[in-house]
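Peer 1: Sharing a structure here in structure tokens format.
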Amino acid sequence: MKRAVRIAALVVAGIWCLPAFSRAQSEQLRESWQRVPDLFAAAGVHAGATIADVGAGDGFLTVRLAPAVGPGGRVYAVDVDATVADNLRKRVAAAGITNVTVVVGAEDDPRLPVAALDGALILNAYHEMAQGISVLKHLYDALKPGGHLVLCEPTPPKPNQSRRAQMDDHVLDPALILEDLQAAGFQVLDRQDLFATNLGGNHFGFVVAKRP
């Protein structure tokens, strides 16, 4: 069931490619529109930083974060699906990456160390989190004061959808994300409703917040 939901989300987001494409080819296509450097800049990614990739999935961001933070940095890659997390461990090991810690999170808690993170990212995953505010509160605790959290989610193509309907469609309005962040104690720094557009024409919103 979790795999079916994950595949549906990738289809909606326009990042699930036909079997004829390798993962490397699929990710190269995704890099052409996802604006990864801008996501990293907003999250405060730099050499020596400790960054969390929450909802890491197959590791699209994780394997890009690892060289960005360098050998003196650390990446925590979190996923609630133990099978997905195990596959990510194998991917990281096969690539010879040694600065990534893969974590099996809970539905309401990413299980990250307190006040350890310089930044965190949630990419195309927050709309799957039924207990999102609880996750955000734990991320608040995991961030150092001043640390940034970046969320980038597909936005709903239809107006006036309920939150439940949006989550079922694997999208989420940035306005709802902003409300959740404020409820969790974050200070919102930036919001862009048309941050990126994938190859299928679906738009991604972008919200940046910090722990005061």
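The values are calculated or read from the model by the stated rules, or taken from the named source; none is laboratory data. Just so you know, these numbers come straight off a predicted model, no measurement behind them. Don't worry about glycine lacking a Cβ; one is built from the backbone with ideal geometry, like all the others, and counts go over all protein chains shown. With ligands, DNA and RNA removed, areas are computed over all heavy atoms of the protein, side chains included. Shrake-Rupley method; radii C 1.70, N 1.55, O 1.52, S 1.80 Å.
Peer 1: In nanometres, what is the gap between the two model label sites at A47 and R163, each 7 Å from Cα along Cα-to-Cβ?
Peer 2: 4.3
Peer 1: Given a 1.4 angstrom probe, I'd like the percentage of the accessible area of the stretch 125-169 that is carbon and sulfur, rounded to a whole number.
Peer 2: Ligands and nucleic acids excluded, carbon and sulfur give 52 percent.
Peer 1: OK, next. Expressed as a whole percent, how much of the Cα-Cα distance distribution for the stretch 16-87 exceeds 20 Å?
Peer 2: That tail contains 35 percent of the Cα-Cα pairs.
Peer 1: While we're here: First compute the accessible area of the stretch 44-97 with a 1.4 Å probe, then give the percent of it belonging to carbon and sulfur atoms.
Peer 2: After summing per-atom areas, the C and S share lands at 55 percent.
Peer 1: I need the fraction of alpha carbon pairs in the stretch 58-142 separated by more than 14 Å, rounded to a whole percent.
Peer 2: Looking at the stretch 58-142, the distances longer than 14 Å represent 63 percent of pairs.
Peer 1: Continuing with the same structure: What are the ³J(HN,Hα) values, in whole Hz, obtained from phi via the Karplus relation 6.51 cos²θ - 1.76 cosθ + 1.60 with θ = phi - 60°, for each residue of the stretch 68-82 in sequence order, with x given for Gly and Pro?
Peer 2: Result, ordered by residue: 5, 8, x, x, x, x, 8, 10, 9, 9, 10, 8, 7, 8, 4 Hz.
Peer 1: Separate question: Using a Förster distance of 35 Å, how high is the FRET efficiency between K144 and K90, based on the Cβ-Cβ distance and rounded to 0.05?
Peer 2: Details: r = 30 Å, r/R0 = 0.87.
FRET efficiency, K144 to K90: 0.70.
Peer 1: Next up: More than 20 angstrom separation, counting every C-alpha pair in the stretch 73-195; what % is that? List each step's numbers first, then the result.
Peer 2: Details: 3506 of 7503 pairs.
Summing the P(r) of the stretch 73-195 above 20 Å gives 47 percent of all pairs.
Peer 1: Can you give me the convex hull volume of the Cα atoms of the chain, divided per residue and expressed in Å³? Please list the in-between numbers first.
Peer 2: Values: hull volume 22.8 nm³, N = 212.
So the per-residue hull volume is 108 Å³.
Peer 1: With the cut-off at 1.5 for a/c, could you classify the stretch 144-212 from its C-alpha gyration tensor as rounded, prolate or oblate? Numbers along the way, then the final one.
Peer 2: Values: a/c = 2.84, a/b = 1.63, b/c = 1.74.
Taking the square roots of the gyration eigenvalues as a ≥ b ≥ c, the stretch 144-212 is oblate.
Peer 1: Here's a follow-up. Could you do me a favour and compute the accessible area per residue for the chain, 1.4 Å probe, result in Å²?
Peer 2: Value returned for the chain: 45 Å² of accessible area per residue.
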